Structure formats: structure tokens, C-alpha cells
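What follows is a set of notes on a single structure, which appears directly below.
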Amino acid sequence: MVLEPIGNHCRGTTFLNANDIIDEKLTKVFDSISNRIPGFYFGRYDLRCSSIEDLKKGKNVRIIELNGAGSEPDNIYHSCASIFSA
């Protein structure tokens, strides 16, 4: 089973920081997902969704990967991230 091509840095995947879309609706969606995972309190979701609106409704969302507290913070790869913000 090949897992590497999805979201791989060396294959040109674009990682975007979308902190500007965080609001109460989005927080509730991720809280409802996260609360179903015993012992999960902090981490990063890699996901695909149809639209931001669907994401905020918790609809048409596919979680590709869930990374725990020890995972690499992908926001440092955002094209606008400086070495200082990383």
C-alpha cells in the first residue's frame, strides 16, 4: 500500500496556513471530532473538504491524517511564512 504521495513535501504539495478562518463554528466542529478520540488533546489534522462553508458545518470533510503533539507543524511551510514565524 503506497501512502507517501499524499501530502508529501518532496512531491510539491502546497501547505497553507488558514488560521484566518478559525471561528466559533470551526472550533465546535473540531472539538466534536477531537472529543471522540480518547487521550487526544492537541494535534494537527490534514484534511480535504469541499469548501470552507462545508468544513464549518462538518460536512463533506475527509480526514487524511491526524498528527499528535509530536508532529511537525506544517504551517511553517506556508509560502508567506518567514524564518522568524516558523
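Computed from the coordinates by the stated procedures, all read-outs in this text should not be read as laboratory data. Here the structure is a predicted model, which is why all the values come from computation and not from measurement. Every residue, glycine as well, gets a Cβ built from its backbone with ideal geometry; the counts of neighbours run over all protein chains shown.
Here is how the numbers come out for the structure above:
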quantity	calculated
Exposure proxy ranking, count of Cβ atoms within 10 Å, fewest first, for D54, D46	D54, D46
Simple label model, 7 Å out from Cα along Cβ direction - R44 to N60, nm	2.6 nm
Neighbour-count order for S50, S82, S34, fewest beta carbons within 10 angstrom listed first	S82, S50, S34
Exposure proxy ranking, count of Cβ atoms within 10 Å, fewest first, for E24, E53	E24, E53
